[in-house]
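Working notes for the structure below.
The values are calculated or read from the model by the stated rules, or taken from the named source; none is laboratory data. It should be emphasised that the depicted structure is a prediction, and the values quoted were computed from it without experimental measurement. Cβ atoms come from the backbone with ideal geometry, glycine included; neighbour counts cover every protein chain shown. To get the accessible areas, we keep the full protein, side chains included, count just its heavy atoms, and leave off ligands, DNA and RNA. Shrake-Rupley method; radii C 1.70, N 1.55, O 1.52, S 1.80 Å.
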Amino acid sequence: MANHSDAVDSTTAADREELYRQPEPEQKRSHIQALPLEIILTIFTLVVSRDHASVIILAQVFQGCCKLVVSAPNLWSTLSLSQANPQAKAMLWRPRNQGLLRALHIRDNSKEIRAALVTFSDIALDSLRFLSVTGKDMLYGTLCLLLPQLTPSVISNLRSVDLRVTDIGWSTVWSSVTSELQLRSLVTEHVPLAWFTLGDHSTKLRHLAYKRALDVQALPVLLLRRLSLPSLRFIKLHHWYPNVVGLMIQALIDIEAVARLVSIAIVHDESSYIYRVNTKLVSELLHNATLLAHLELSGIANAREVVDAITQDALCPNLATLHLSRCPDVTDKPLIALVKARNNTVPSTATSSDVVDSPAPMAKLHTLVVNSCSKVFDDGQIWLGKHVPHVARHLERTGNQTGAEEELLGEDLPWTSFTGIPLDNVPTNSR
């Protein structure tokens with residue numbers, strides 16, 4: 001978690017202490033005022049990390065608290081610009097963060113938001129670690145003009161990037177980067193990626209979510225030079241043509257990288273159509289993913305074939321969470337068979353030689369999600385509920401922020417944010 005020492009600025013700690021301790025006439029002393037200043041700042045930092053706009057509420061608790069909040073720039077280090085009064089918000093944030101801008105969210109490409117960004121045009125962005133652009137019409141060239149301090153050096157130091165834009169110009173974001181990227185999390189939608197640049201300079205990338213139809217003609221080229229990505233643990237592919245998704249992953253990353261993955265999500269978003277995956281390719285992928293703890297299949301017409309392959313071929317021995325959504329062929333039977341196969345253990349009467357010769361034990365499923373799978377009936381769900389600790393129609397996220405924002409605060413990408421898997425169910429050698 002970010003340390004409150006990041007808030008050091010022209011206002012000294014002694015000055016803040018004096019402002020905070022000033023008595024309030026005709027008011028009873030608040031219990032919170034009895035706490036040490038360091039604890040107050042730590043609490044406030046935790047609150048703001050969950051919802052950056054809560055800094056406004058914190059400033060209104062009492063008079064001394066207002067002075068404290070205004071004098072702590074790290075509490076104003078996250079700026080999110082949407083259609084809700086972006087210019088007024090930028091004017092409020094600018095003097096208070098004192099150039100300490102760590103996270104920038106751009107939600108639209110309106111005239112008001114562009115004017116708000118100009119407010120920060122002369123601020124150095126050396127402390128920027130999280131960049132999110134979800135205003136689909138925002139051009140990369142336009143943003144560079146509005147924020148001239150968004151230099152290749154700043155981009156290289158970003159820990160997390162979330163791009164959901166339509167401008168192809170965003171594909172050049174890393175084209176001028178020659179040094180090692182500090183990137184831990186990358187989410188892209190519609191943006192073609194410079195794969196080899198990422199592969200050469202992204203040794204710290206842990207979380208990759210990619211939504212774009214990979215050019216099938218590019219697969220042979222990628223197969224000749226797979227990416228190592230030694231730190232990659234989470235991959236989520238939103239794909240228009242899931243039938244090539246197994247080949248897509250195998251084309252992008254080498255077998256050793258697949259073996260290090262702990263979460264794979266194959267998602268087809270278009271609700272009007274359901275596509276098939278190539279079961280053989282996906283099975284080969286899962287065969288190599290020996291540390292995989294979380295698997296999600298969404299909008300897949302033949303997901304049952306994948307579930308059957310996991311059961312029959314004893315794939316993914318560390319699988320703890322299986323998330324199935326809009327998979328019309330999934331029924332109670334293959335899910336029950338999977339749970340039974342995972343729950344079977346070596347009998348207590350077995351000899352030591354039997355144990356040695358037996359296959360590696362399978363991890364029991366901890367969470368099973370079946371969302372909009374119409375052939376999973378109540379009776380089957382009741383049985384599954386008795387043998388799987390958590391069975392649900394929906395898997396709710398914990399907290400209000402993305403794994404990328406957690407990393408921004410100096411923490412490792414939390415399992416509960418991206419996968420819903422408690423830490424106790426994660427293989428220790430994969431953390």
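If LEU252 satisfies every condition in (1) modelled with pLDDT of 80 or more; (2) within 23 Å of the chain's Cα centre (by Cα); (3) surrounded by 20 or more Cβ atoms within 10 Å (Cβ to Cβ) but one, which is the exception?
(1)
Just one of (1) of a type in the set (Asp, Glu); (2) at pLDDT below 80; (3) within 22 Å of VAL277 (Cα to Cα) trips up ASP332, so point out which.
All conditions pass for ASP332, except number (2).
Only one of these is open to solvent by 40 Å² or more (accessible area, probe 1.4 Å), at pLDDT 85 or above and assigned to a loop (DSSP other than H, G, I, E, B): ALA88, ALA84. Name it.
That would be ALA84, the only listed residue that is open to solvent by 40 Å² or more (accessible area, probe 1.4 Å), at pLDDT 85 or above and assigned to a loop (DSSP other than H, G, I, E, B).
Find the residue count for region 47-63, including only residues that are closer than 18 Å to HIS31 by Cβ and open to solvent by 40 Å² or more (accessible area, probe 1.4 Å).
Of the residues in region 47-63, 5 are closer than 18 Å to HIS31 by Cβ and open to solvent by 40 Å² or more (accessible area, probe 1.4 Å).
Output the qualifying pairs, or none if there are none: Cβ atoms under 9 angstrom, residues six or more apart or on different chains, first residue in region 219-238 and within 10 Å of ASP254 (Cα to Cα) and modelled with pLDDT of 65 or more, second residue assigned to a helix (DSSP H, G or I) and open to solvent by 50 Å² or more (accessible area, probe 1.4 Å).
Sorted first by the residue in region 219-238, then by its partner, the pairs are ARG226/ILE255; LEU227/PHE196; LEU227/ASP200; SER228/GLU256; LEU229/ARG260; PRO230/GLU256; PRO230/ARG260.
Quick one: ALA194 ticks every box in (1) small (Gly, Ala, Ser); (2) open to solvent by less than 50 Å² (accessible area, probe 1.4 Å); (3) in contact (Cβ under 8 Å) with a residue 24 or more places away in the chain; (4) farther than 14 Å from ASP162 by Cβ bar one, so which box is it?
(3)
For region 271-308, which positions are in contact with a strand residue (DSSP E or B) (Cβ under 8 Å, 6 or more places away or on another chain), assigned to a loop (DSSP other than H, G, I, E, B) and open to solvent by 40 Å² or more (accessible area, probe 1.4 Å)?
ILE274, ARG276
Which residue, of GLY420, GLY403, GLY380, is open to solvent by less than 40 Å² (accessible area, probe 1.4 Å), at pLDDT below 90, small (Gly, Ala, Ser) and under 30 Å from ASN157 (Cβ atoms)?
The conditions single out GLY403.
Condition test on SER156, is it farther than 18 Å from LYS211 by Cα, modelled with pLDDT of 90 or more, small (Gly, Ala, Ser) and crowded, with 17+ Cβ neighbours inside 10 Å?
yes
Pairs, please: C-beta under 8 Å, at least 6 apart or cross-chain, first residue free of Cβ contacts under 8 Å to residues at least 24 places away in the same chain and in region 89-104, second part of a helix (DSSP H, G or I)?
Filtered contacts from region 89-104: TRP93/TRP76.
Before we move on, is THR172 more than 19 Å from SER231 (Cα to Cα), open to solvent by 10 Å² or more (accessible area, probe 1.4 Å) and under 23 Å from the mean Cα position of the chain (by Cα)?
Spelling it out, THR172 is indeed more than 19 Å from SER231 (Cα to Cα), open to solvent by 10 Å² or more (accessible area, probe 1.4 Å) and under 23 Å from the mean Cα position of the chain (by Cα).
Residues checked against (1) part of a helix (DSSP H, G or I); (2) modelled with pLDDT of 85 or more; (3) acidic (Asp, Glu):
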site: SER5; (1), (2), (3): yes, no, no
site: ARG16; (1), (2), (3): yes, no, no
site: TYR20; (1), (2), (3): yes, no, no
site: GLU24; (1), (2), (3): no, no, yes
site: GLN33; (1), (2), (3): yes, no, no
site: ILE57; (1), (2), (3): yes, no, no
site: GLN60; (1), (2), (3): no, no, no
site: LEU92; (1), (2), (3): yes, yes, no
site: GLY99; (1), (2), (3): no, no, no
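Out of the residues in region 121-135 that are closer than 20 Å to ALA88 by Cα and open to solvent by 10 Å² or more (accessible area, probe 1.4 Å), which is farthest from the chain's Cα centre (by Cα)?
Checked region 121-135; the qualifying residue farthest from the chain's Cα centre (by Cα) is ASP122.
Kindly list the number of the only condition in (1) more than 23 Å from ALA194 (Cβ to Cβ); (2) out of contact with any helix residue (DSSP H, G or I) (no Cβ under 8 Å at 6 or more places or on another chain) that fails for LEU158.
(1)
Report yes if some residue within region 365-376 is at pLDDT below 85, on the phi < 0 side of the Ramachandran plot and open to solvent by 30 Å² or more (accessible area, probe 1.4 Å); otherwise report no.
Yes: one or more hits.
Kindly provide the set of residues from region 179-204 that are within 14 Å of LEU158 (Cα to Cα) and in a loop (DSSP other than H, G, I, E, B), ordered by number.
Answer for region 179-204, where residues must be within 14 Å of LEU158 (Cα to Cα) and in a loop (DSSP other than H, G, I, E, B): SER179, GLU180, LEU181, GLN182, LEU183, ARG184, SER202, THR203, LYS204.
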